[in-house]
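Just so you know, all these numbers are worked out from the coordinates, no wet-lab data involved. Quantities reported herein were computed from a predicted structural model and do not represent experimental measurements. No Cβ is skipped: glycine too gets one built from the backbone with ideal geometry, and neighbour counts run over all protein chains shown.
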Ligand code: GUN
């Protein structure tokens, strides 16, 4: 079975767009990109384009790679106190001269539609309700739920330990009763984990890291990897789809799997933020 994130995200975005038509004002998302990292530019442009499609107003800041940390902190302060702005997104990774943790801490938890702030991650980890769940994990959870894939009491292997994917996703799954292993660069014998897992979620960015020898026949694979091919196109994932797709129970493709779900989840969070602030 193919877990079709493209189709599901279209339905979600369609519902979001219909709901926005009923509101007094448009929700508003500030999108900040510092520097010219190729992949980040692609993601940010997709986010801005989708905002336009669902009628979320985006305020775009495409800042020079030498933009100063103190200026970025000031900008976030202004956006925190700007009543029109419902969500603030700072695209990661930031250039190395900027302290990412300091920047994320500065974003008001109620506008942190990425869900990366210590308040939101802390609430999530303590099995409380954060203002926002991070977009990629939320998109994955929506995809699993849509296809009625139960996570309770399942063995789930996540290959990623970042705050963008692995850590919040592990907490979300744990909160629903899954047994979760987080694997990363230093993990020995990765197959010991993947072969034992009911669900494998991989986000390494290593092209075709996983072939069919990593999965049992009942496995469900979620591919969060986006890898550059020679022509610089972002089109392939961590999993060798050709070799794996017919040998396991279900797989999310790249493209058309988690990528569009992440964007749909971000739009969902931005609308949620608007609704929580305004009572219309
Ligand atoms: N970089 C890769 N994924 C993400 C994301 O979901 N949000 C932000 N802010 N940066 C990212």
Open item on the list: Let me check against my output: what whole-number percent is the relative contact order of segment 76-212, with C-alpha pairs under 8 Å and at least 6 apart?
Closed with: 18 percent
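Starting from the Kirkwood radius over alpha-carbon pairs of segment 161-272, derive D by Stokes-Einstein at 10 °C in a medium of 1.306 mPa s and give it in µm² s⁻¹. Write down the numbers at each step before the final one.
On the way: Rh = 14.8 Å.
For these conditions, the coefficient is 107 µm²/s.
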Open item on the list: Kirkwood Rh and Cα-based Rg: tell me the resulting Rg over Rh for segment 1-55, rounded to two decimals.
Closed with: 1.06
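In the calculated pair distance distribution of segment 128-181, what percentage of Cα-Cα distances lie above 14 Å?
Numbers: 736 of 1431 pairs.
Summing the P(r) tail past 14 Å for segment 128-181 gives 51 percent.
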- [ ] Using only Cα atoms, tell me the angle between helix 5-21 and the longest principal axis of the chain; keep it within 0 to 90° and round to the nearest 10.
- [x] 20 degrees
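Among 131, 38, which comes first, then next, by fewest other beta-carbon atoms within 10 Å? Each step should come with its number before you reach the end.
Numbers: 131 19, 38 10.
Going from least to most buried by this count: 38, 131.
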- [ ] For segment 62-198, report the convex hull volume of the alpha-carbon atoms normalised per residue, in Å³, without decimals.
- [x] 130 Å³
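When Rg is the radius of gyration of the Cα atoms in the chain and Rh is its Kirkwood radius, what does Rg/Rh come to?
Numbers: Rg = 18.6 Å, Rh = 19.3 Å.
With Rh from the inverse mean 1/r over Cα pairs, Rg/Rh is 0.96.
Most exposed first by the Cβ proxy, i.e. fewest other Cβ within 10 Å, how do 54, 258, 206 rank?
Numbers: 54 24, 258 29, 206 13.
Lowest to highest Cβ neighbour count: 206, 54, 258.
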TODO: For the chain, calculate the relative contact order in percent as a whole number, restricting contacts to Cα pairs under 8 Å that are 6 or more residues apart.
DONE: 21 percent
TODO: State the volume of the convex hull built on the alpha-carbon positions of segment 3-128, expressed per residue in Å³ and rounded to an integer.
DONE: 133 Å³
- [ ] Please tell me the relative contact order of segment 39-127 in percent, rounded to the nearest whole number, where contacts are Cα pairs under 8 Å and at least six residues apart.
- [x] 24 percent
Open item on the list: Over the chain, with a Gaussian network built from C-alpha contacts below 10 Å, which listed residue (266, 33, 190) shows the highest mean-square fluctuation?
Closed with: 190
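Could you put 200, 149 in order, starting from the residue whose Cβ has the fewest other Cβ atoms within 10 Å? Spell out each step's value before the answer.
Details: 200 30, 149 18.
Result, fewest neighbours first: 149, 200.
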Task: Tilt relative to the chain, helix 135-146 - C-alpha long axis, 0 to 90 degrees, to 10 - done: 50 degrees
Open item on the list: Just to be sure I understand: with springs between alpha-carbon atoms less than 10 Å apart, which residue in 249, 185, 46 has the highest mean-square fluctuation in the Gaussian network model of the chain?
Closed with: 185
